[in-house]
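Written out below as structure tokens is the structure these notes cover.
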Amino acid sequence: MNILLDLFLTFAKIGLFTFGGGYAMISLIENACVEKKRWITHDEMMDVTVIAESTPGPIAINCATFVGYRKKGLAGATAATVGMVLPSFCIIFLISMFLDHFLEIAWIAHAFMGIKIAVGILILDAAIKMIRKMQKKPVTMAIMACSFAAMLLIDMFAAHISSVTLMLIAAAVSLVIFLCERNRGKAGADK
């Protein structure tokens, strides 16, 4: 199949059948792009997720753009991005035309309650996969545990701290540790 069409259809399917935004899509993007199509490696997927989270724009669209660009340059990035955006745009456009009456339908309201639960499970699934494949170094595990505890406390006490701020703090701590270890290695080599 033409790679551009394949990129478009793969991301259109993810965009069409995933509710809950980018975090819910990460698991499906990884399944399609890493496990089935082998367009990128798992390590690249983890890097893309971190970069996509820290750059402007929705995480799923940033991931699609990266994978498309990796496979076929600008044309691939365009095909993957349009594939990811088009189904959601069409659905939201149709819903907006009937929004006043849409949520009044009992079975639709109940379906959305079930979808909320499924979205949580998809996000949890993506997190578990990343944790399983993460390097199990003490520093990495400590940063992960501290970030998790911080997010939990922020949620419990309804503090207004962005997850991006926590990611930047974790990145700064990791960078400082890296620089300290590198300087220690150089000092040991000089002796």
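The values are calculated or read from the model by the stated rules, or taken from the named source; none is laboratory data. Not measured: the values here are computed from a predicted model. Every residue, glycine as well, gets a Cβ built from its backbone with ideal geometry; the counts of neighbours run over all protein chains shown.
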Among (1) surrounded by 12 or more Cβ atoms within 10 Å (Cβ to Cβ); (2) assigned to a loop (DSSP other than H, G, I, E, B); (3) not hydrophobic (A, V, I, L, M, F, W, C) - the single one residue 174 does not satisfy: (2)
Checklist (1) in contact with an Asp or Glu (Cβ under 8 Å, 6 or more places away or on another chain); (2) over 30 Å from residue 170 (Cβ atoms) applied to residue 108, failing item: (1)
Condition broken by residue 95, with the remaining ones in (1) without any contact (Cβ under 8 Å) to a residue 24 or more places away in the chain; (2) closer than 30 Å to residue 3 by Cβ satisfied: (2)
The range 34-52, subset crowded, with 16+ Cβ neighbours inside 10 Å and aliphatic (A, V, I, L, M), residue nearest to residue 133 (Cα to Cα): 46
Failed item, numbered, when residue 67 is tested on (1) touching a residue at least 40 places away in the same chain (Cβ under 8 Å); (2) among the aliphatic types (A, V, I, L, M); (3) farther than 28 Å from residue 132 by Cβ: (3)
Conditions (1) modelled with pLDDT under 80; (2) part of a helix (DSSP H, G or I): number failed by residue 81: (1)
Test: residue in the range 88-105 that is in the same structural domain as residue 24 (by TED's automatic domain parsing), hydrophobic (A, V, I, L, M, F, W, C), within 18 Å of residue 11 (Cβ to Cβ) and touching a Phe, Trp or Tyr at 6+ places or on another chain (Cβ under 7 Å): no
Qualifying residue in the range 59-74 (condition: part of a helix (DSSP H, G or I), in contact with a Phe, Trp or Tyr (Cβ under 9 Å, 6 or more places away or on another chain), modelled with pLDDT of 80 or more and farther than 15 Å from residue 14 by Cα): yes
Of all residues making up the range 53-80, the number that are over 18 Å from residue 23 (Cβ atoms) and either outside the structural domain of residue 126 (by TED's automatic domain parsing) or surrounded by 15 or more Cβ atoms within 10 Å (Cβ to Cβ) (or both): 10
